[in-house]
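Step one of this worksheet: look at the structure below.
Every number here is computed from the coordinates shown, using simple stated rules; none is lab data. Computed from a predicted model, the values in this text were never measured in an experiment. Note that each Cβ is placed from the backbone with ideal geometry, even for glycine, and that neighbours are counted across all protein chains shown.
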Amino acid sequence: MTGELSPIDKAKFVAAKRAAEMVEDGMRVGLGTGSTAAWLVRCLGDLVQNEGLRIIAVPTSSRTAVLARDVGIKVVSLDEAKWLDVTIDGADEVDPDLNLIKGGGGAHLQEKIVATASDRMVVIADASKMVDTLGAFPLPVEVLPFGWQSSQALIEETLVSMDVMGRRSTLRMNGGAPFMSDEGNYILDLHLKRIGNARQLALVLNQIPGVIENGLFIDICDTVVTGYGDGRVEVRDINEGTVEKDKLEFAEADNLFTDLMD
Ligand code: 5RP
């Protein structure tokens, strides 16, 4: 059954499974959004249902909330949880300092709020997400629908003085209509190609009227768990300066895959 999983799904799964092992009984856990985070939610659901793990979780999107409830995880709001022990989430790009581009799923606003309300952020990703310099992945920027074209023009004008290689931006679409975030906002994807100074760009973008939040996560991620298609995982902690290597088996995961095989 596991043979039907693509190498990329195997990589996402082993990263998620390794990160799930970091969650301890009684913890308050932020749950990310996206396909890798969905594996994490499944792994945690398995631990809750079969190993007696007791956690409360704060999802970062309506999609993740539905999945978490489906797999038996107790879901509360961030205001109810107040502060979290750990948030585990995917990413679109991870640089050597563990700075990130997020928001490929359009959930980076809630993801940033939840991650920064946590003692620790753990990113789970397959190896294709590791980059030397951020920016090949289009940078998502959440904007208010009111006057979004003015905000877009201001963003493009601002980019002229930034250390980036491209300045084109596109409104994210969903079918024939603008994609809407859980908060009812639009997403502009900035095609920057290369971001020379991500810290500066993150600060400057958020000063533009109409910009709600950008997808650059600077100094937020503490640990990255990189998964590979052959089951290898690498855990890198930026605070400890450590890199641990491990290899996980797929066989144990059969019960998590069944509904994906329908
Ligand atoms: C959603 C995100 C996701 O974490 C990011 O897009 C990675 O997704 P995936 O795990 O599906 O590749 O930031 O807003």
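Tell me, rounded to the nearest percent, the portion of alpha carbon pairs in the chain spaced more than 35 Å apart. Each step should come with its number before you reach the end.
Working: 4970 of 34191 pairs.
Tail fraction, whole percent: 15.
In deg cm²/dmol and to the nearest 500, what is the mean residue ellipticity at 222 nm of the chain if only DSSP H runs of at least 4 residues count, each as -39500 (n - 2.57), divided by the residue total?
Details: 8 runs with 77 residues, N = 262.
Helix contribution divided over all residues of the chain: -8500 deg cm²/dmol.
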FRET efficiency estimate (nearest 0.05) - Cβ-Cβ, R69 to E244, R0 22 angstrom = 0.10
When only Cα pairs under 8 Å and 6 or more residues apart are kept, what is the percent relative contact order across the chain?
-> 23 percent
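Name the longest site-free stretch of the chain, where the excluded sites are GluC sites (Glu not before Pro) in a DSSP loop with no more than 15 other beta-carbon atoms within 10 Å. Intermediate results must be reported in sequence, preceding the final value.
Numbers: sites that count: E21, E24, E183, E240, E249.
Within the chain, the longest run free of exposed GluC sites (Glu not before Pro) spans 25-182.
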Rounded, prolate or oblate: pick one for region 80-183, where a ≥ b ≥ c are the square roots of the eigenvalues of its C-alpha gyration tensor, a/c under 1.5 means rounded, and failing that, prolate if a/b is larger than b/c, else oblate.
-> oblate
For the chain, the dipole about the Cα centre with charges only on Cβ (Lys and Arg +1, Asp and Glu -1), to the nearest 20 debye, works out at 560 debye
Once you have the Cα-Cα distance between S35 and S6, take 0.36 nm times their residue separation minus that, and quote the gain in nm to one decimal.
-> 9.1 nm
Given H placed 1.01 Å from N in the peptide plane, which residues other than close sequence neighbours of V75 have an amide H under 5 Å from its amide H?
-> A57
Checked against a 21 Å limit on the C-alpha separation, the offending pairs among K102/K193; K74/K129; K74/K245; K129/K247; K10/K129 are K74/K129; K74/K245
Grab every C-alpha pair in region 139-214, bin the distances at 5 angstrom width from 0 up to the longest one, and report whole percents.
-> 3, 17, 29, 26, 14, 7, 2
